[in-house]
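Colleague: Would you mind keeping the following structure in view while I ask a few things?
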Amino acid sequence: MSKITYKDVKSSDEVNAYIRQGNETLGALGYTDHSSEHAVIVAVQSGKILQKLDYGKRDIELARIAGYLHDIGNCINRENHAQSGALLARSILRDMGMSAGEIALIANAIGHHDETDGCAVNPISAALILADKTDVRRNRVRNRSKASFDKHDRVNYAVTASRLEILLPKKTILFDIQLDEEICSMMDYFEIFLRRMLMCKRAAEILGLRFKMVANKNKIC
């Protein structure tokens, strides 16, 4: 079996068609951006997390691949998109010649990345969750009418800056955001994304870290 790379997956016409269709579908349903830009951000951040923690090169590459593929299930349906995406990824990666063991790790991470029914179960899934749930930014909002913002629009639009940083001496992963509180208060943010932040806490623990969130220089968790 050949060693499939993140570059191979990122250049796949099939993968990119699924990402485009999923993003168009979510746009029609009023969701924030889930385009290839989001896929790249999650892929790169997933790899960086494991790289910072000195994981092996192949684990880092698998985390990148899982990050890029994690939302392809949206092209089928938003509901259960994590499970649909895991099955699509299995088929794609098998056709590309990836080994069964590596496919299993990637499918597992994708299938567990949604907060409704997933949780971190190993380092690759943990890195994917942390990267995905902290990709919060204003330009993910597609709704041009502030008056009709839903909670996800409001939270993303309110974030003016964010960073995810691993502090090795403190064994901590820090999610630091700047929030426009005229749009969304710190407490509103935490209430809206509580389940996601708890998911990040679990993911950090899998990696031997504590999860810490700071908004406008105030500790949230």
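The values are calculated or read from the model by the stated rules, or taken from the named source; none is laboratory data. If you're wondering where the values come from, they're calculated on a predicted model, not measured in any experiment. Virtual Cβ from ideal backbone geometry, glycine too; neighbours counted across all protein chains shown. Keep in mind that these areas ignore ligands, DNA and RNA; they rest on the heavy atoms of the full protein, side chains included. Shrake-Rupley method; radii C 1.70, N 1.55, O 1.52, S 1.80 Å.
Colleague: Could you tell me how many of the residues in segment 68-100 are closer than 12 Å to ILE19 by Cβ, assigned to a helix (DSSP H, G or I) and in contact with a Ser or Thr (Cβ under 9 Å, 6 or more places away or on another chain)?
Modeller: 6
Colleague: Is it the case that segment 86-99 has a residue that's at pLDDT 95 or above, polar (S, T, N, Q) and surrounded by 16 or more Cβ atoms within 10 Å (Cβ to Cβ)?
Modeller: no
Colleague: Which ones in segment 192-218 are assigned to a strand (DSSP E or B) and modelled with pLDDT under 95?
Modeller: Matches in segment 192-218: MET213, VAL214, ALA215, ASN218.
Colleague: Of the residues THR5, THR25, which single one is over 21 Å from MET98 (Cα atoms), at pLDDT 95 or above and of a type in the set (Ser, Thr, Tyr)?
Modeller: Just a single option satisfies the conditions, and that option is THR25.
Colleague: Is it true that some residue in segment 164-187 is among the hydroxyl-bearing types (Ser, Thr, Tyr), buried (at least 16 other Cβ atoms within 10 Å of the Cβ) and modelled with pLDDT of 90 or more?
Modeller: no
Colleague: Got at least one residue in segment 58-76 being surrounded by fewer than 17 Cβ atoms within 10 Å (Cβ to Cβ) and within 17 Å of the chain's Cα centre (by Cα)?
Modeller: No, there is no match, as no residue in segment 58-76 is surrounded by fewer than 17 Cβ atoms within 10 Å (Cβ to Cβ) and within 17 Å of the chain's Cα centre (by Cα).
Colleague: List the number of the failed condition for LYS170; all other conditions in (1) closer than 20 Å to ASN216 by Cβ; (2) more than 19 Å from the chain's Cα centre (by Cα) hold.
Modeller: (1)
Colleague: Sticking with this one: Report, by residue number, each residue of segment 115-132 that is at pLDDT 95 or above and open to solvent by 20 Å² or more (accessible area, probe 1.4 Å).
Modeller: Scanning segment 115-132 gives CYS119, VAL121, ASN122, PRO123.
Colleague: Could you please give the count of residues in segment 188-214 that are open to solvent by less than 70 Å² (accessible area, probe 1.4 Å) and closer than 24 Å to LEU53 by Cα?
Modeller: Qualifying residue count for the region: 13.
Colleague: Related question: Does LYS52 count as touching a strand residue (DSSP E or B) at 6+ places or on another chain (Cβ under 7 Å), modelled with pLDDT of 95 or more and surrounded by fewer than 18 Cβ atoms within 10 Å (Cβ to Cβ)?
Modeller: So LYS52 fits the description; yes.
Colleague: So is CYS221 closer than 19 Å to GLU115 by Cα and assigned to a loop (DSSP other than H, G, I, E, B) or not?
Modeller: yes
Colleague: Tell me yes or no: at least one residue of segment 26-37 is open to solvent by 60 Å² or more (accessible area, probe 1.4 Å) and touching a His at 6+ places or on another chain (Cβ under 9 Å).
Modeller: Yes, segment 26-37 contains at least one residue that is open to solvent by 60 Å² or more (accessible area, probe 1.4 Å) and touching a His at 6+ places or on another chain (Cβ under 9 Å).
Colleague: Oh, and also: From the list ASP153, ASP135, which one is of a type outside the set (Val, Ile, Thr), part of a helix (DSSP H, G or I), touching a residue at least 24 places away in the same chain (Cβ under 8 Å) and open to solvent by less than 60 Å² (accessible area, probe 1.4 Å)?
Modeller: ASP153
Colleague: Same structure again: Please give the number of the condition GLN83 fails out of (1) farther than 21 Å from SER36 by Cα; (2) surrounded by fewer than 22 Cβ atoms within 10 Å (Cβ to Cβ); (3) out of contact with any Pro (no Cβ under 9 Å at 6 or more places or on another chain).
Modeller: It fails just one condition, (1).
Colleague: Can you name the residue in segment 140-150 that is in contact with a Phe, Trp or Tyr (Cβ under 9 Å, 6 or more places away or on another chain) and either farther than 25 Å from SER36 by Cα or in a helix (DSSP H, G or I) (or both) and is also most open to solvent (accessible area, probe 1.4 Å) among such residues?
Modeller: Filtering segment 140-150 for residues that are in contact with a Phe, Trp or Tyr (Cβ under 9 Å, 6 or more places away or on another chain) and either farther than 25 Å from SER36 by Cα or in a helix (DSSP H, G or I) (or both), the one most open to solvent (accessible area, probe 1.4 Å) comes out as LYS146.
Colleague: Being touching a Gly at 6+ places or on another chain (Cβ under 8 Å) and outside any loop (DSSP other than H, G, I, E, B) is the filter here; which residues of segment 156-191 pass it?
Modeller: If the condition is that a residue be touching a Gly at 6+ places or on another chain (Cβ under 8 Å) and outside any loop (DSSP other than H, G, I, E, B), then no residue fits.
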